[in-house]
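Novice: Can you keep this structure in mind? I'll have questions shortly.
Derivation of every value follows stated rules applied to the coordinates shown; laboratory data play no part. Not measured: the values here are computed from a predicted model. Neighbour counts are summed over all protein chains in view; Cβ atoms, including those assigned to glycine, are modelled from backbone coordinates with ideal geometry.
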Amino acid sequence: MNTIRGALALTVSLAAFPAAAADLEVTHWWTSGGEAAAVAEFARLFEERTEHEWVDGAIAGSGNTARPIMISRITGGDPMGATQFNHGRQAEELVEAGLMRDLTDLAEAGKWREVVNPPSLLDSCTLDGHVYCVPVNIHSWQWLWLSDKAFAEAGIPVPTNWEEFVAAAPALEAAGKVPLALGQQAWQQAGLFATLVISLLPDDIYLSVYRDKDAEIAAGADMAQIFAALDTARGLAAKSTVQEWNQATNMLITGAAGGQVMGDWAQGEFAMAGQVAGQDYHCLPGLGDKPVLTTGGDAFYFPLVRDDDVADAQADLAEVILSPEAQVAFNLKKGSLPVRGDVDLDAANDCMRKGLEILAAGTAMPDINQLIDSDTRTRIEDLLVEFFADPSYAPEEAQERFAGIIGDAR
Amino acid sequence: MRAEAAATGRGATSPPPSAAPPRRLLRNLTAKIAAIPMVLTALVVFLGGTVWTVVYSFTSSRMLPRAEFVGLEQYDRLWSTRRWVISIENLAIYGLCSLVFSLVIGFVLAALLDQKIRYENAFRTILLYPFALSFIVTGLVWQWILDPEFGLQSIIRGLGFENFTFDPLYNPDIAIFGILIAGLWQGTGLIMILMLAGLRGIDGEIWKASRVDGIPAWKTYLFIIVPMMRPVFITALVLITSGIVKLYDLVVAQTGGGPGIATEVPAKYVYDYMFGGQNLGQGFAASTMMLLAVAIVVIPWAMLEFGGKRRG
């Protein structure tokens, strides 16, 4: 018995000593063309620089499909090596339950506090002074993408803000175009709604509704304006029957639709189709009404694992993700902005430059996922799905329910 | 341990004549020991899991279960949620229609097949075949068939009926019937086979007797054959009802709950809030309501069915 125990101890200590190569399973929901190309850059750099293997665990669907799978694997005791979540409150309870690895030592050694820009990104990875995730990129939702081809065929100039876009809609319809491309998935409709709130209203209203959960302001006259705008958007998107966001973006690429409100990841699709910003398509941050972006985005979390080799691989991956080369390679493909302020983005296109300028000016706002939890998000999505499917659903009624949800939220 | 148990078992089955009379508990011990794993599974997994779920539906659990009791708050919220109310309505419509149509269509098909027709085997296989498909496949197939751009509507329009409209999945008022069609297509084959087996079990003498008395065939079916097939109907009923309550994958594959929330069902609400919304408390409250609904239907029925027999 003792000899067996001794032998076991020996193997364990031997295994712990040299950083043996490990397979690191990484789960994420990056499955569209541009996204897959971007994540392949991480895999390439990870395998080049370390002796570990990247095991790709892409989950098709959207985050709404992937997150339950990831969470049930972690809570069920079968954790992957690393997993994507959006910054903010999606993994909050997993961290509180001690299921995620504390990365504070790595963060201090790598001086993440100095490197990561804007610092609010690292704040949303931090709980009680401990760091639990590595920010990967900055994504912002507040973009209006416009198809130059569609507007040229309709014989009108490309709009420069949301109001002009709405005014241009009849001309687009007359030319047989769908004015607004919108996928029929809840998160896309919810994204459009939040973008209208952030872009068309002053900042403090967005913050008091989503951060302070002020039900009175949510029921107020300013928000009524947004629900009216949402009603307009519902009309503009009535003929858009696609499901996935990249199919909607494709309507812009082919000129079948005039515009789409979608996050900066849409840029990856334009790039894959060989389109050039400012020439084939235009982008308006903050819907062209206000220079504002939210700094949401993706982050990698590392579930607590027992295997030391895997733990080493986790640390190595964290380092690779934040390295300047990986940041540039990944974000150029994905169309997102890097989380480091000190990287060289010569290859950045027009749209990315606009985004970087806004970040540099410091007018960025916290993302919705950093302010509300998944429960509230799901309820708002349920409301909007119903609103978009039923043209007779009055904006006033939707607003009343929205205010109720905000009142309940934590 | 096992040898010991087997020894006691053998001792209990053949007691020496001088020993005390065998206690009831020890009779047939081997069989009882063999049943222990199943009994434990039933108690711990099914019953224990159910009790645990009900208890935690009174808490404010979010992503992970937490014993912070909040009374009926989750139920309050559940019943003031439009999506839940619509889910219940949909399940009621689907359930009622599916029950009636499955039984009627299943029985009629079986009666038709029972007329000593030619190629009965071929017809039986064709009608049962959809049952071999999963709900996911069924859902996708019917999503395509009911798609106005490619499916039934465009075929019939292609035949010259330009104004023909049939797009249930795109009309929120009748979308649930689109799901019902797919569910019936998948499920009636099995009911038909059960009914057919029941019909074959009816003694030929009864038919002869009814013919001698000059009773029309439909009357014989309705007043003699159907009452004689009561056990078959009960089996069919149990199969259909269990299929109704667990309706989930068909909806996910065929409509995803849409258009809007027109085809949402309770099971989907439970899943979406438990995992997507990371709100276990809300999901548990919803699943407890589902359990309650099943209990309301099953308990009186079970009392009638089994309680009565014991007394009689």
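Novice: Under the rule a/c < 1.5 gives rounded, and otherwise a/b versus b/c splits prolate from oblate, where does the range A:281-410 land using the Cα gyration tensor?
Specialist: Oblate is the answer for the range A:281-410, as a/c is 1.5 or above yet b/c matches or exceeds a/b.
Novice: Could you work out, residue by residue across B:277-288, how many beta carbons of other chains sit within 10 Å of that residue's beta carbon, and then give the average as an integer?
Specialist: The shielding value for this peptide is 3.
Novice: The range B:131-167: which chymotrypsin sites (Phe, Trp or Tyr not before Pro) are DSSP loop and have at most 11 other beta-carbon atoms within 10 angstrom?
Specialist: B:Phe150, B:Phe161
Novice: Scan around B:Thr59 for amide H atoms under 5 Å from its own, H built in the peptide plane at 1.01 Å from N, and keep only partners 5 or more places away or cross-chain.
Specialist: Under 5 Å from the amide H of B:Thr59: B:Val70.
Novice: Would you mind checking A:Lys213/A:Lys333; A:Lys149/A:Lys333; A:Lys149/A:Lys354; A:Lys213/B:Lys268 for any pair whose Cα atoms are more than 32 angstrom apart?
Specialist: Listed pairs above 32 Å: A:Lys213/A:Lys333.
Novice: Something else now. Round to a whole angstrom and tell me the spacing of the C-alpha centers of the range B:59-73 and the range A:91-127.
Specialist: One Cα centre to the other: 28 Å.
Novice: How about the range B:43-108: which GluC sites (Glu not before Pro) there are in a DSSP loop, with at most 14 other Cβ atoms within 10 Å of their Cβ?
Specialist: Taking the range B:43-108 and a limit of 14 other Cβ atoms within 10 Å, the loop GluC sites (Glu not before Pro) found are B:Glu68.
Novice: Quick one: if you stick a label point 7 Å off each Cα along the C-beta vector at B:Val252 and B:Val294, how many nm between them?
Specialist: Going by the 7 Å Cα→Cβ label model, 1.7 nm.
Novice: Right, something else. Step through the residues of the range B:143-158 one at a time and calculate ³J(HN,Hα) from phi using the Karplus curve (6.51 cos²θ - 1.76 cosθ + 1.60, θ = phi - 60°), rounding each to whole Hz and writing x for Gly and Pro.
Specialist: Along the range B:143-158, the couplings run 4, 6, 4, 8, 6, x, 6, 10, x, 3, 4, 6, 5, 5, 5, x Hz.
Novice: Name the residue, out of B:Val212, B:Val270, B:Val55, whose mean-square fluctuation peaks in a Gaussian network model built on chain B with Cα pairs under 10 Å.
Specialist: The residue with the greatest mean-square fluctuation here is B:Val212.
Novice: Please label the shape of the protein assembly as shown as rounded, prolate or oblate, based on the square roots a ≥ b ≥ c of the eigenvalues of the alpha-carbon gyration tensor (a/c under 1.5 means rounded; beyond that, a/b larger than b/c means prolate, else oblate).
Specialist: Here the protein assembly as shown falls in the oblate category.
Novice: Can you run phi through the Karplus equation (6.51, -1.76, 1.60; θ = phi - 60°) for the range A:396-410 and list ³J(HN,Hα) in whole Hz, with x for Gly and Pro?
Specialist: Taking θ as phi minus 60°, the curve returns 4, 5, 4, 5, 4, 5, 4, 4, x, 5, 4, x, 7, 5, 10 Hz for the range A:396-410.
Novice: I need the fraction of alpha carbon pairs in chain A separated by more than 34 Å, rounded to a whole percent.
Specialist: 31 percent
Novice: Can you compute the helix-only [θ] at 222 nm over chain A? Use -39500 (n - 2.57) per DSSP H run of at least 4 residues, normalise by all residues, nearest 500 deg cm²/dmol.
Specialist: One gets -15500 deg cm²/dmol as the mean residue ellipticity at 222 nm.
Novice: Taking the Cβ of A:Gln275 as the center, what net charge do the other residues with Cβ under 10 Å away carry, scoring Lys and Arg +1 and Asp and Glu -1?
Specialist: Neighbour charge sum, excluding A:Gln275 itself: -2.
Novice: While we're looking at this one, here's another question. With a sphere of radius 13 Å drawn around the Cβ of A:Phe227, what net charge do the other residues whose Cβ falls strictly inside it have (Lys, Arg +1; Asp, Glu -1)?
Specialist: Result for the neighbourhood of A:Phe227: -3.
Novice: May I pose another question? Counting Lys +1, Arg +1, Asp -1, Glu -1, what net charge surrounds B:Leu280 among other residues with beta carbon under 12 Å of its beta carbon?
Specialist: That sum, taken over residues with Cβ under 12 Å, equals -1.
Novice: Per-residue mean of other chain beta-carbon atoms within 10 angstrom of the beta-carbon, peptide A:88-99?
Specialist: Taking all residues of A:88-99 together, the mean is 2.
Novice: For Cα pairs less than 8 Å apart in space and 6+ apart in sequence, what is the mean separation divided by the residue count of chain A, i.e. the relative contact order in percent?
Specialist: 28 percent
Novice: Counting DSSP beta bridges in chain A, what percent are antiparallel, to the nearest 5?
Specialist: Percentage antiparallel, nearest 5: 65.
Novice: Within the range B:27-128, which chymotrypsin sites (Phe, Trp or Tyr not before Pro) sit in a loop by DSSP and count at most 14 neighbouring Cβ atoms inside 10 Å?
Specialist: Within the range B:27-128, the qualifying chymotrypsin sites (Phe, Trp or Tyr not before Pro) (loop, at most 14 other Cβ atoms within 10 Å) are B:Tyr119.
Novice: When the Karplus curve 6.51 cos²θ - 1.76 cosθ + 1.60 is applied with θ = phi - 60°, which whole-Hz ³J(HN,Hα) does each residue of the range A:187-203 get, with x for Gly and Pro?
Specialist: Using θ = phi - 60°, the values come out as 5, 6, 5, 5, x, 4, 4, 5, 5, 4, 4, 5, 7, 9, 10, x, 3 Hz.
Novice: Counting only helical runs of four or more DSSP H residues, what would the 222 nm mean residue ellipticity of chain B come to if each run contributes -39,500 (n - 2.57) and the total is spread over all its residues?
Specialist: Calculated mean residue ellipticity at 222 nm is -19000 deg cm²/dmol.
Novice: Now for a separate question. Mind listing the long-range amide H neighbours of A:Val55? Cut-off is under 5 Å, sequence gap 5 or more, other chains count too, H placed in the peptide plane at 1.01 Å from N.
Specialist: A:Leu24, A:Glu25, A:Val26
Novice: Next up: Over chain A, with a Gaussian network built from C-alpha contacts below 10 Å, which listed residue (A:Asp123, A:Asp307, A:Asp316) shows the highest mean-square fluctuation?
Specialist: A:Asp307
Novice: By the gyration tensor of its Cα atoms, with a ≥ b ≥ c the square roots of the eigenvalues, what is the shape of chain B: rounded for a/c under 1.5, prolate for a/b over b/c, or oblate?
Specialist: Oblate, because a/c is 1.5 or more while a/b does not exceed b/c.
Novice: Cut-off under 22 Å on the C-alpha distance; same-chain residues fewer than 8 positions from B:Lys219 excluded. Which lysines are left, in chain and number order?
Specialist: Result set, ordered by chain and number: B:Lys116, B:Lys208.
Novice: Which one, B:Leu91, B:Leu127, B:Leu25, has the greatest fluctuation when you compute a Gaussian network model over chain B with C-alpha springs under 10 angstrom?
Specialist: B:Leu25
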